[in-house]
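Novice: First the structure, then my questions, so here it is.
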Amino acid sequence: MQIEFSTNRLATASVSFSEASRLFGIPVGRKYIQRLAVLRATDKFTQLYGHRALRLHPLKGNRAGQYSMILTGNYRLIVEKVKEDQIRIVDVEDYHGN
């Protein structure tokens, strides 16, 4: 699957584990890199629902059209489906953050 990034910060973090860890911390950085590997290895967006560990689900309200998948405890990777074979990384968020 093709991946695009909504910010340069997210694109920079995708380059390596060390960059992701520097930006998000080690546990979240590690999962960020792992999730990107899964996304790159997937052909179509609908196949992501087959990966139970991702816990992919659509968001509601003002986030309609976006999807969330788990990284660690409170951290989620927020994505948008651009095409069936293309995804945009929107953000890494602490679901329960202030």
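Novice: With the contact rule set at Cα under 8 Å and sequence spacing of 6 or more, what percent relative contact order holds for the chain?
Specialist: Here the relative contact order equals 28 percent.
Novice: Give me the number: length gained by fully extending Ala64 to Asp94, i.e. 0.36 nm times residue separation minus the C-alpha to C-alpha distance, one decimal in nm.
Specialist: 9.0 nm
Novice: Okay, moving on. Of the peptides 25-35, 51-61, how do they stack up when ordered by the mean number of other Cβ atoms within 10 Å, highest first?
Specialist: Top to bottom by mean Cβ count within 10 Å: 25-35, 51-61.
Novice: Just to be sure I understand: of the beta bridges DSSP finds with both ends in the chain, what percent are antiparallel, rounded to 5?
Specialist: 80
Novice: Need the full-extension length gain, Ser6 to Asp43, defined as separation in residues times 0.36 nm minus the C-alpha distance. One decimal, nm.
Specialist: 11.2 nm is the gain from fully extending Ser6 to Asp43.
Novice: Ok, one more. What do the square roots of 5 times the Cα gyration tensor eigenvalues come to for the range 1-53, in whole Å, largest first, as semi-axes of the equivalent ellipsoid?
Specialist: Taking √(5λ) for each eigenvalue gives 21, 13, 8 Å, largest first.
Novice: log10 I(q)/I(0), Debye, Cα-only the range 2-94, no solvent, q = 0.19 Å⁻¹?
Specialist: -0.85
Only the coordinates and a few stated rules stand behind these numbers; no lab work does. Keep in mind that what you see is a predicted model, and the values were worked out from it rather than measured. Positions of Cβ are generated from backbone atoms using ideal geometry, with glycine treated the same way; all protein chains shown enter the neighbour counts.
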